[in-house]
Amino acid sequence: MTVTLESRPDRGSVASDFGPLARRVREAGLLERRRGYYAWAIGANLAATAGAWAAVGWLGGSWWVLVMTLPLAVLSARTGFLGHDAGHRQIAASHRVNRWLGYLLGNLMLGMGYGWWNDKHNRHHANPNHVEKDPDVGEGVLVWTREQAAKRHSGLAGWMARRQAWLFFPLLLLEGLNLQVNSALDLRRLPVRDRVLEGALLAAHAVGYVALAFTLLSPGKAVALMLLHQALFGVHLGSAFAPNHKGMAMPGPGERWDHLRRQVLTSRNVRGGAVNDYLLGGLNYQVEHHLFPSVARPNLRRLQLLVREHCERVGLPYVETGLLDSYGQALRHMHDVGEPLRS
């Protein structure tokens, strides 16, 4: 999707576009916290996670225990989504409470550093799909623009860039491990106090996770369960984030878009009912989440009505598609980026 400067209103009208929407959202009460929902969601997820591990112990004498890696991966992703909401201060009014929820849900339960994730994710929200400012489209294992791809002529990097659309989902098998490794490496960046706290919680997760698996299972089954659990968790979490921005507008160097256009034009919603809401952790309302990141997840469905209506009023494209089509658009973008290398 491309957006031209000529298609946008003049700067005066641009500056006033977001204000009326923000007022309507505030008047509708959609900025209010939903503490009851989150108390239930966190409690239910903790109980379900404990139940899943109890089932692991019960099935531990058989290789059928590996079936439990699927619910464990789904519940781990739920934990990640709740940590994401805490990072955006959706759960509590207090920054301190949200931060501690992030530590407990992220560092302790997942081995994923709250400080690393929050820093990276906030930079993404500030400038989504901006090659120079959004870490999610910076150069890494994959490339997101033809300019990035042009630097990879040969070797393993070039081979991967040519085939990255085919490699995307297989690479997600490593995403769970990638999140944990990056969290540990990022500790060096943190102030000493945060480094000690987050490092201790990450270590507690690692020791507790391994000890629990080896206590409930024989060594071979424990290793197999941990590897499969982390692989499925990475695929699930990565699949929830993948449809949101890939293949959407990418601001060029020097381009400055107002908040409304910066968030709407770079984001894609995924339509669907309660199943998608659950499996994608509310990220299927990506447009609304980017415009109002502190809005509690259960309010996003109501918020969508106001945002869609407002975009229509100001003549702004509002993109929403099905889940499979969203993956198709993202993969086609990755395939197109690698086209010059294949030629």
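Side notes on the structure shown:
- Flag if Arg89 is in contact with a Ser or Thr (Cβ under 8 Å, 6 or more places away or on another chain) and surrounded by fewer than 20 Cβ atoms within 10 Å (Cβ to Cβ): yes
- Helices (runs of 4 or more DSSP H) enclosed by segment 225-343 - at least 1 residues per element that are more than 23 Å from Trp117 (Cα to Cα), touching a residue at least 12 places away in the same chain (Cβ under 8 Å) and in contact with a Lys or Arg (Cβ under 8 Å, 6 or more places away or on another chain): 259-264, 300-314, 323-337, 339-342
- If you check Ala22, Ala39 for being of a type outside the set (Lys, Arg) and closer than 19 Å to Pro293 by Cβ, only one passes: Ala22.
- Output for segment 71-99, where each listed residue is touching a helix residue (DSSP H, G or I) at 6+ places or on another chain (Cβ under 6 Å) and closer than 20 Å to Ala213 by Cβ: Pro71, Leu72, Ala73, Leu75, Ser76, Ala77, Arg78, Thr79, Gly80
- Candidates are the residues of segment 76-102 that are out of contact with any Gly (no Cβ under 9 Å at 6 or more places or on another chain) and in a helix (DSSP H, G or I); the one that is nearest to Leu30 (Cα to Cα) is His95.
- Check on Glu139, closer than 23 Å to Pro340 by Cα, touching a residue at least 60 places away in the same chain (Cβ under 8 Å), of a type in the set (Asp, Glu) and assigned to a loop (DSSP other than H, G, I, E, B): no
- Complete set of residues in segment 315-334 that are surrounded by fewer than 18 Cβ atoms within 10 Å (Cβ to Cβ) and of a type in the set (A, V, I, L, M): Leu323, Leu324
- Where Asp134 falls short, out of the listed (1) out of contact with any Lys or Arg (no Cβ under 9 Å at 6 or more places or on another chain); (2) without any contact (Cβ under 8 Å) to a residue 24 or more places away in the chain: (1)
Read-outs: derived from the displayed coordinates by stated rules, not from any lab. None of the values given here were measured: they were computed from a predicted structure. As a convention, Cβ positions derive from the backbone with ideal geometry for all residues, glycine included, and neighbour counts pool all protein chains shown.
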